[in-house]
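Undergrad: Right, I'll just put the structure down here and ask away after.
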Amino acid sequence: PGNIVVTVGSATSLQVAWDRPSSIGGAELSSFIVQYDTSPAFTTRNGMPLGHLTAVEADADASIGVVSESYPDSSDPILRKRVMIQDADVISQGIIGPGSMLVINGQHLTVSSVDEESCGVTCLTMDTDYTGTNVSGMKIYSGLDPRQYKFSIMGLIPGTAFFVRVAAVNEKSVGPFAFAGYPFHPISSTPMDVPTALSWASISAISEGELRIDYGAPFSSDRPYGVNGSPPSKYHIEVATGAQEIQELQITSTTTLQDGSFGLVLEGEKTGCIDIGTSAETVEQALGSLVSIIDGVSVAMSAQSSSLLKYTITFNGPSIANKDQPLIGVDYTAVCTQSLDSTIEIKIRSLQDGAEIFRPEIVSLSTQGDTEVSGYIELSVGYQGDYDMIVSIGNQPAQFKVGPGSRWVSTMGDDLSAVLHPGETIVIGDELVEVHAVSVDEIELEEYHVQGTDGVAVSGYRMDNYIGSATISSGDNTLTEANALSLESLLRPGEVIEVTNDVGGKEYLAVTSITGSSVLFSPRFAGSTTSTSIYARKKVIVPANSSSAAMQASIKSLRDVGSVEVSREGPNSFGFTWYITFSSNMGISSCSLQSWCFASSTESVTHISVSGLGQEYDGTYIQTSFHDGRPQYELLGKSFSISHDAASSEWRLYSGDASVISFVASSDASVPLNGWSNGVSIALSVSTTPLLVGQNAAVDVSILQADVQQSFQNIVFSEDIVAGQPEVQEVELLSDEDDLGGSFELSLGTTSQKIIVF
């Protein structure tokens, strides 16, 4: 292979590209071998490279299209610039279009137009004559310096330098390897990417002129390679605020200002005539007459002489303050009693562009009814759950076992391909990890597990608003849960679920109906066929008489909320009103995006019914949280609950004083329906159950103030803060065997103390 080049794809991937070998040995080229290693000798793994991959020739082909017809020998200058391609999809998908730089038969061309003069949807007109071979089937490559083949190496350790080499394979044998830098010294490439976002940040006022900013390092900064391949070296901090639009009206004369009049115009609206030399108040009144555009403006005289007048105009009305405004113009067509002298020049310029200032969204949450309202309400927002739900298969907890520094996690014989999906994050052994791939008996992580699980199998935990998995295809408006789980007890019509499409984007589908494990939704799924997790909104149950502090704590438990302030009014109209201020700079008004919508309900669908114990304990138990990775249910208002006890491997029904009233021996991930002691019977919900009590009891969410996201156009503080750098050393242990035994010693410097590592 020739002209090998390696580029960084991400923090965990490299892309290698190359050209076809100059000779393929008289036999058909079938594939390529791609090897990578941290050593240029490619012998790190006991004489072998760390990675050995096979790329089928057709799969590694980097061409984006094929020429069907061209006219390099035509006498028509228009035809000489035209190239017909076989497939229109690359045009409809935007891969090829006007401005695209292509290489055909070694010639660099730029697409000027598509379907010029109706020459066809696959007809490309180039910026210059095509002079290549007049043969159909010529491959088309994209870019300034493309290669004929490309292949991505995934799952690499961020921040580690890797060497890559490629060899061609035909039916006879494997050809010689070539590499970046060939035939001289190999050149390494290091997978690396920009840092992820901070794990948290907060801002508080110290005094009128001081702010305190606290922040936490990005997630994964505890790894030896830092964040996406490099430890953070510094933190860039910016503080911004809003700014009023300020413009300047300047009137000058080459001699002395003479009498005359002029008009001003803004967005097509015109003022009356304004006399030369008039006061700032008069100019302010003239601009204030443009009531459909300006709801508040102040004007001040900033300079005055016999040949110069300057007015400073500040836009400060309620609807136009802190916003960028168009430039005021001079209306030279104004019919005034005094015309302008030819020596006078009027100019208007911007002194300061308007910039949006943060304004929090404020909503009211109200309960009301014809009689006194009591009970509970359900609040929901976003799809970011807590990692409290145990990963299970067949209603039994899945088990995970991983070694320290490994990316491959054993699932102890369980096939979790219908349970976990690439891109999903779970917690294994107190570490949050991202799933890269799922196979029959293991999962591959995006990055390695730091600590491992100490040689034992442990449970894994996922977000607690996960309700199932499904395979969805483009255009579908129905889905079926892949593990035959009934979704009737988890969803209700009108709810919006979140799924992930084939490219990792989120799609939000409104549920129309639920029948068993099948869901009808709209709009239709837009992505290509993919297997995905299904998430419901993150919810919390709150008492209908919650204090402002309790309501604040409940809303803040919804992870997508951020910072929030709450005050309470009432009781009134037999209920209460809470005023909720979302003080995080999100710029997302409630329900303007389906991914973020503060909603309320007087009903719950996640509940079970208990009977057989008598009036005190029987009733509807609402799911309120998770305990031991499993749902916990409460008989609201009576302090009776049902949850799992890990120590005894039992599901238990507790009284208010934590006494066990009934139990069943089970480690099931969901509440067992049979086998309970003391004659208890449990049934799943098949419909919603009311939470709020009272005649015509209702809850309402109203937006009192729409939010405005703080722009960073007007930065008032900017500084780089140097981060401390921990020393990182590496101990590498290699073996031909997967299961190692024995131990080795480590010591630091000249100290006599040693540690034994098993």
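Undergrad: Pairs please, first residue from the range 8-31 and of a type in the set (Phe, Trp, Tyr), second anywhere and outside any loop (DSSP other than H, G, I, E, B), Cβ atoms under 6 Å, 6+ apart in sequence or on different chains.
TA: Listed by first residue and then by second, the contacts come to TRP18/ILE4; TRP18/TYR149; TRP18/VAL166.
Undergrad: While we're here: With the requirement that a residue be under 25 Å from HIS627 (Cα atoms), under 23 Å from the mean Cα position of the chain (by Cα) and open to solvent by 10 Å² or more (accessible area, probe 1.4 Å), what does the range 431-464 give you?
TA: Result: GLU431, LEU432, GLU434, TYR461, MET463, ASP464.
Undergrad: Tell me yes or no: at least one residue of the range 484-496 is open to solvent by less than 30 Å² (accessible area, probe 1.4 Å), among the hydrophobic types (A, V, I, L, M, F, W, C) and more than 23 Å from GLY394 (Cβ to Cβ).
TA: yes
Undergrad: Considering only the range 58-101, state which residues are β-branched (Val, Ile, Thr) and either surrounded by 16 or more Cβ atoms within 10 Å (Cβ to Cβ) or part of a loop (DSSP other than H, G, I, E, B) (or both). Break it down stepwise before answering.
TA: Within the range 58-101, the subset β-branched (Val, Ile, Thr) is 64, 66-67, 78, 83, 85, 90-91, 95-96.
Correct list: ILE64, VAL67, VAL83, ILE85, VAL90, ILE91, ILE95, ILE96.
Undergrad: Continuing with the same structure: Could you list, in sequence order, the residues of the range 242-264 that are farther than 17 Å from ALA280 by Cα and either surrounded by fewer than 18 Cβ atoms within 10 Å (Cβ to Cβ) or of a type in the set (Val, Ile, Thr) (or both)?
TA: Within the range 242-264, THR254, THR255, THR256, GLN258 qualify.
Undergrad: Looking only at the range 343-370, which residues are under 17 Å from ASP700 (Cβ atoms) and part of a loop (DSSP other than H, G, I, E, B)?
TA: Hits for the range 343-370 are GLY369, ASP370.
Undergrad: What's the number of the condition TYR149 fails, among (1) surrounded by fewer than 17 Cβ atoms within 10 Å (Cβ to Cβ); (2) farther than 30 Å from GLU730 by Cβ; (3) hydroxyl-bearing (Ser, Thr, Tyr)?
TA: (1)
Undergrad: Within the range 600-617, can you find the residues that are within 44 Å of the chain's Cα centre (by Cα), farther than 28 Å from LEU558 by Cα and not in a strand (DSSP E or B)?
TA: Those that are within 44 Å of the chain's Cα centre (by Cα), farther than 28 Å from LEU558 by Cα and not in a strand (DSSP E or B): none in the range 600-617.
Undergrad: Moving on to the next point. What number of residues within the range 465-483 are under 14 Å from SER392 (Cβ atoms), surrounded by 20 or more Cβ atoms within 10 Å (Cβ to Cβ) and among the polar types (S, T, N, Q)?
TA: Adding up the residues that qualify gives 1.
Undergrad: Kindly check whether there is at least one residue in the range 329-342 that is touching a helix residue (DSSP H, G or I) at 6+ places or on another chain (Cβ under 9 Å) and either open to solvent by less than 40 Å² (accessible area, probe 1.4 Å) or not in a loop (DSSP other than H, G, I, E, B) (or both). I'd like the intermediate steps shown before the answer.
TA: Step one: filter the range 329-342 for residues touching a helix residue (DSSP H, G or I) at 6+ places or on another chain (Cβ under 9 Å), giving none.
For the range 329-342, residues touching a helix residue (DSSP H, G or I) at 6+ places or on another chain (Cβ under 9 Å) and either open to solvent by less than 40 Å² (accessible area, probe 1.4 Å) or not in a loop (DSSP other than H, G, I, E, B) (or both): absent.
Undergrad: Filter the range 396-412 down to the residues that are open to solvent by 50 Å² or more (accessible area, probe 1.4 Å) and either modelled with pLDDT of 95 or more or among the basic types (Lys, Arg) (or both) and list them by number.
TA: Within the range 396-412, GLN396, GLN399, LYS401, MET412 qualify.
Undergrad: In the range 695-723, how many residues are over 30 Å from ASP324 (Cα atoms), open to solvent by 70 Å² or more (accessible area, probe 1.4 Å) and either without any contact (Cβ under 8 Å) to a residue 24 or more places away in the chain or among the hydrophobic types (A, V, I, L, M, F, W, C) (or both)? Reasoning before the result, please.
TA: Restricting attention to the range 695-723, the residues satisfying the condition of being over 30 Å from ASP324 (Cα atoms) are 695-701, 721-723.
Then keep just the ones that are open to solvent by 70 Å² or more (accessible area, probe 1.4 Å); that gives 695-696, 722.
Pick out the ones that are also either without any contact (Cβ under 8 Å) to a residue 24 or more places away in the chain or among the hydrophobic types (A, V, I, L, M, F, W, C) (or both) and you get 722.
Here the count works out to 1.
Undergrad: Still on this model: Could you please tell me which pairs satisfy a Cβ distance under 9 Å, a separation of 6+ or placement on different chains, a first residue in the range 137-148 that is part of a strand (DSSP E or B), and a second residue that is modelled with pLDDT of 90 or more and acidic (Asp, Glu)?
TA: LYS139/ASP61
Undergrad: Spot the failing condition for GLU732; the list is (1) open to solvent by 70 Å² or more (accessible area, probe 1.4 Å); (2) touching a residue at least 12 places away in the same chain (Cβ under 8 Å); (3) acidic (Asp, Glu); (4) assigned to a loop (DSSP other than H, G, I, E, B), and only one is missed.
TA: Of the numbered conditions (1) open to solvent by 70 Å² or more (accessible area, probe 1.4 Å); (2) touching a residue at least 12 places away in the same chain (Cβ under 8 Å); (3) acidic (Asp, Glu); (4) assigned to a loop (DSSP other than H, G, I, E, B), the odd one out for GLU732 is (2).
Undergrad: Considering ILE467, ILE497, ILE426, which residue is in a strand (DSSP E or B), among the β-branched types (Val, Ile, Thr) and touching a residue at least 40 places away in the same chain (Cβ under 8 Å)?
TA: On the way: ILE497 fails: touching a residue at least 40 places away in the same chain (Cβ under 8 Å); ILE426 fails: touching a residue at least 40 places away in the same chain (Cβ under 8 Å).
Just a single option satisfies the conditions, and that option is ILE467.
Undergrad: Taking the residues in the range 310-320 that are open to solvent by 20 Å² or more (accessible area, probe 1.4 Å) and touching a strand residue (DSSP E or B) at 6+ places or on another chain (Cβ under 8 Å) as candidates, determine which candidate is farthest from ILE293 (Cα to Cα).
TA: The selected residue is LYS310.
Undergrad: Which of the residues belonging to the range 371-381 are surrounded by fewer than 20 Cβ atoms within 10 Å (Cβ to Cβ) and either in contact with a Phe, Trp or Tyr (Cβ under 7 Å, 6 or more places away or on another chain) or within 30 Å of LEU733 (Cα to Cα) (or both)? Talk me through it step by step, then tell me what you get.
TA: Filtering the range 371-381 for residues surrounded by fewer than 20 Cβ atoms within 10 Å (Cβ to Cβ) gives 371-372, 374-375.
Across the range 371-381, the qualifying residues are THR371, GLU372.
Undergrad: Does the range 1-54 hold any residues that are open to solvent by 40 Å² or more (accessible area, probe 1.4 Å), over 31 Å from the mean Cα position of the chain (by Cα) and among the small types (Gly, Ala, Ser), and which are they?
TA: SER22, SER23, GLY25, GLY26, SER30, ALA41, GLY47
Undergrad: From the set of residues in the range 629-670 that are without any contact (Cβ under 8 Å) to a residue 40 or more places away in the chain and acidic (Asp, Glu), which is most open to solvent (accessible area, probe 1.4 Å)?
TA: Result: ASP657.
Undergrad: Looking for whichever is in contact with a Leu (Cβ under 9 Å, 6 or more places away or on another chain) and free of Cβ contacts under 8 Å to residues at least 40 places away in the same chain here; the options are THR478, THR512. Which one fits?
TA: THR512
Undergrad: A further question on this structure: Name, by its number, the condition in (1) exposed (fewer than 13 other Cβ atoms within 10 Å of the Cβ); (2) in contact (Cβ under 8 Å) with a residue 60 or more places away in the chain; (3) of a type outside the set (D, E, K, R) that does not hold for SER207.
TA: (2)
Undergrad: Every residue in the range 133-161 that is among the small types (Gly, Ala, Ser) and in contact with a Gly (Cβ under 7 Å, 6 or more places away or on another chain), please. Before the answer, list the steps.
TA: Initial filter on the range 133-161 (among the small types (Gly, Ala, Ser)): 136-137, 142-143, 152, 155, 159, 161.
SER152, GLY159 - these are the residues of the range 133-161 that are among the small types (Gly, Ala, Ser) and in contact with a Gly (Cβ under 7 Å, 6 or more places away or on another chain).
Undergrad: Can you name the residue in the range 102-122 that is farther than 18 Å from VAL135 by Cβ and in a strand (DSSP E or B) and, of all such residues, is most open to solvent (accessible area, probe 1.4 Å)?
TA: Across the range 102-122, the extreme among qualifying residues is HIS108.
Undergrad: Hey, another quick one. Pick out, from the range 248-320, the strands (runs of 3 or more DSSP E) lying fully within it that include 2 or more residues that are under 18 Å from GLY354 (Cα atoms) and at pLDDT 95 or above.
TA: 297-304, 308-315
Undergrad: Got a number for residues in the range 618-628 being open to solvent by 30 Å² or more (accessible area, probe 1.4 Å), in a strand (DSSP E or B) and more than 22 Å from GLU498 (Cα to Cα)?
TA: From the range 618-628, those open to solvent by 30 Å² or more (accessible area, probe 1.4 Å) are 618, 620, 623-628; that's our starting set.
Subsequent filtering for residues that are in a strand (DSSP E or B) retains 620, 623-627.
Next, from what is left, pick out any that are more than 22 Å from GLU498 (Cα to Cα): 620, 627.
Within the range 618-628, residues that are open to solvent by 30 Å² or more (accessible area, probe 1.4 Å), in a strand (DSSP E or B) and more than 22 Å from GLU498 (Cα to Cα) number 2.
Undergrad: While we're here: Residues that are in contact with a Lys or Arg (Cβ under 8 Å, 6 or more places away or on another chain), modelled with pLDDT of 95 or more and not polar (S, T, N, Q): does the range 555-574 have at least one?
TA: no
Undergrad: Based on this model, can you work out whether TYR215 counts as among the aromatic types (Phe, Trp, Tyr), free of Cβ contacts under 8 Å to residues at least 24 places away in the same chain and in contact with a strand residue (DSSP E or B) (Cβ under 8 Å, 6 or more places away or on another chain)? Break it down stepwise before answering.
TA: Values: among the aromatic types (Phe, Trp, Tyr): yes; free of Cβ contacts under 8 Å to residues at least 24 places away in the same chain: yes; in contact with a strand residue (DSSP E or B) (Cβ under 8 Å, 6 or more places away or on another chain): yes.
So TYR215 fits the description; yes.
The values are calculated or read from the model by the stated rules, or taken from the named source; none is laboratory data. Only a predicted model underlies this, so the values are computations on that prediction, with no experimental measurement involved. Heads up, the Cβs are rebuilt from the backbone with ideal geometry, glycines too, and the neighbour counts pull from every protein chain shown. Each accessible area value is taken on the protein alone, full model and side chains, heavy atoms only, with ligands, DNA and RNA left out. Shrake-Rupley method; radii C 1.70, N 1.55, O 1.52, S 1.80 Å.
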